1. Would you tally the residues in region 71-92 being within 18 Å of the chain's Cα centre (by Cα) and assigned to a helix (DSSP H, G or I)?
2. Do we find that Val384 is assigned to a helix (DSSP H, G or I) and touching a residue at least 40 places away in the same chain (Cβ under 8 Å) in this structure?
3. Of everything in region 165-207, what is touching a strand residue (DSSP E or B) at 6+ places or on another chain (Cβ under 8 Å) and on the phi > 0 side of the Ramachandran plot? Give them in sequence order.
4. Inspect all residues belonging to region 397-413 and state whether any of them is modelled with pLDDT of 95 or more and either of a type in the set (Phe, Trp, Tyr) or in a strand (DSSP E or B) (or both).
5. Need the failing condition index for Leu95 against (1) assigned to a loop (DSSP other than H, G, I, E, B); (2) without any contact (Cβ under 8 Å) to a residue 60 or more places away in the chain, just the number.
6. Filter region 159-177 down to the residues that are free of Cβ contacts under 8 Å to residues at least 40 places away in the same chain and surrounded by 16 or more Cβ atoms within 10 Å (Cβ to Cβ) and list them by number.
7. Filter region 334-351 for residues that are farther than 22 Å from Thr372 by Cα and more than 21 Å from the chain's Cα centre (by Cα) and give the result.
Amino acid sequence: MKDYEFVRKQDKQVYAAIMGEEVRESEGIELIPSENYVSKAVREANSSILTNKYAEGYPGKRYYGGQKYTDVVETLAIERSKKLFGAKYSNVQTLGGANANIAMYFALLNPGDTVLGMDLSHGGHLTHGHPVTYLTKIFNFVRYKMKDPDTGEIDYDAMRKVAIASKPKIVLAGFSAYPRELNYAKFVSIAREVGAYAVMDIAHIAGLIAGKAAKNPFDYGFDVMTTTTHKTLRGPRGGMILTRESEEIAKKIDKMVFPGLQGGPHMNNIAAKAVAFGEALKPSFRTYAKQVIKNAQAMAKVFNDRNIRLLTGGTDNHLVLADVFTSLGIAGKEAEMLLDNVGITLNKNAIADDKRGPMDPSGIRFGSPAITTRKFGVKECTRVAELMVDSLEKRAEPKVQKKIREEIRTMCKKFPIPQSFV
């Protein structure tokens with residue numbers, strides 16, 4: 001039977017939207033760093049019959065009967081994730097990266113405790129303490145920043161002073177728009193000095209760590225890592241919390257995920273996680289992770305060569321953050337829409353100490369995970385970056401925009417979205 005055949009017969013409106021998205025993805029280039037393509041095996045597991053089963057609790061300790069196969073898939077996901085990241089404990093039930101961070105906070109903190117995290121405008125994440133989140137009504141967040149946005153150097157001396165003054169319970173590393181690798185040893189040193197947990201949110205670079213293309217924070221003594229399971233890890237949308245070695249911490253986390261904050265886990269999603277983790281354990285995934293970085297660096301080089309300011313000057317990972325307003329006089333929102341029209345999807349993004357508002361910032365953020373999945377290499381990524389700059393520089397020339405759109409379609413036909421990675 002064809003994919004979505006039952007949806008087509010039963011609900012034509014939903015079917016039309018699904019088919020529209022399939023065409024959009026196949027004919028366009030996806031550059032949002034937090035998005036990727038999953039294999040057909042992951043999609044099948046995620047839409048499997050396991051969606052029917054309620055499985056409150058953990059393997060071997062469920063509250064309902066009939067758990068023979070749910071225990072199998074969750075145990076597989078746990079064991080595979082532990083092997084991928086060198087963890088002693090893993091909770092695979094969290095529904096997303098934000099959920100994982102929230103559960104981690106409530107497991108390790110009491111109301112009023114302090115967390116030291118990266119400032120959102122300097123690359124951090126909303127859940128790392130932005131005032132718009134409800135978390136800031138419960139916990140006290142203090143922030144660190146880059147010393148120099150043009151190089152990406154973190155001001156570790158200032159971070160240490162803030163930590164000594166504020167006595168955080170958690171020193172939190174991690175980011176959503178920071179293109180460089182952090183000095184994990186300094187984070188752990190500061191955390192140990194003030195008696196805090198060292199926690200890393202690896203959501204964006206989990207696949208790079210699993211693929212041995214980026215350093216593993218656990219190797220430097222971090223206590224906990226939180227993550228999404230999509231993005232560079234190329235799994236279904238979901239979350240996970242990994243504990244390096246402390247059984248006490250792991251028990252607190254498990255208890256907080258369930259029954260503390262969530263009900264029954266989504267077993268279909270956990271099955272898809274297990275499949276994706278199995279894919280990430282293959283040697284081919286290491287090749288993929290290394291190529292992701294090479295491709296991002298190739299794109300960054302084009303922007304540098306075309307005199308477009310890059311935050312941190314380049315990239316060590318999968319993402320690039322460009323200040324298009326300063327360099328080209330075009331705001332991030334307009335750049336996002338313009339590139340979307342030629343078949344290149346990315347997102348507007350604030351830059352460090354941005355004077356423009358968050359809904360129309362100065363920058364754009366783009367990355368290489370999804371196009372690397374499509375087998376784009378350095379040559380193709382270089383050309384994509386050239387087309388991006390051409391489109392932005394010649395935004396008032398419809399003929400140029402049309403020509404770029406056609407070239408993007410041709411590239412996408414040459415590199416179709418793969419169904420299998422193993």
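The values are calculated or read from the model by the stated rules, or taken from the named source; none is laboratory data. Note that this is a predicted model, so its numbers are computed, not measured. Reconstructed Cβ throughout: ideal geometry from the backbone, glycine too, with neighbour counts over all protein chains shown.
1. Looking only at that region, the number is 3.
2. Criteria met by Val384.
3. Lys167, Gly174 - these are the residues of region 165-207 that are touching a strand residue (DSSP E or B) at 6+ places or on another chain (Cβ under 8 Å) and on the phi > 0 side of the Ramachandran plot.
4. Checked region 397-413: no residue is modelled with pLDDT of 95 or more and either of a type in the set (Phe, Trp, Tyr) or in a strand (DSSP E or B) (or both).
5. Exception for Leu95: condition (2).
6. Within region 159-177, just Arg160 meets the criteria.
7. Glu334, Ala335, Met337, Leu338 - these are the residues of region 334-351 that are farther than 22 Å from Thr372 by Cα and more than 21 Å from the chain's Cα centre (by Cα).
Conditions (1) basic (Lys, Arg); (2) surrounded by fewer than 24 Cβ atoms within 10 Å (Cβ to Cβ); (3) part of a loop (DSSP other than H, G, I, E, B), marked per residue:
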position: Gly112; (1), (2), (3): no, yes, yes
position: Val132; (1), (2), (3): no, yes, yes
position: Asp157; (1), (2), (3): no, yes, no
position: Pro179; (1), (2), (3): no, no, yes
position: Ala185; (1), (2), (3): no, yes, no
position: Glu193; (1), (2), (3): no, yes, no
position: Lys212; (1), (2), (3): yes, yes, yes
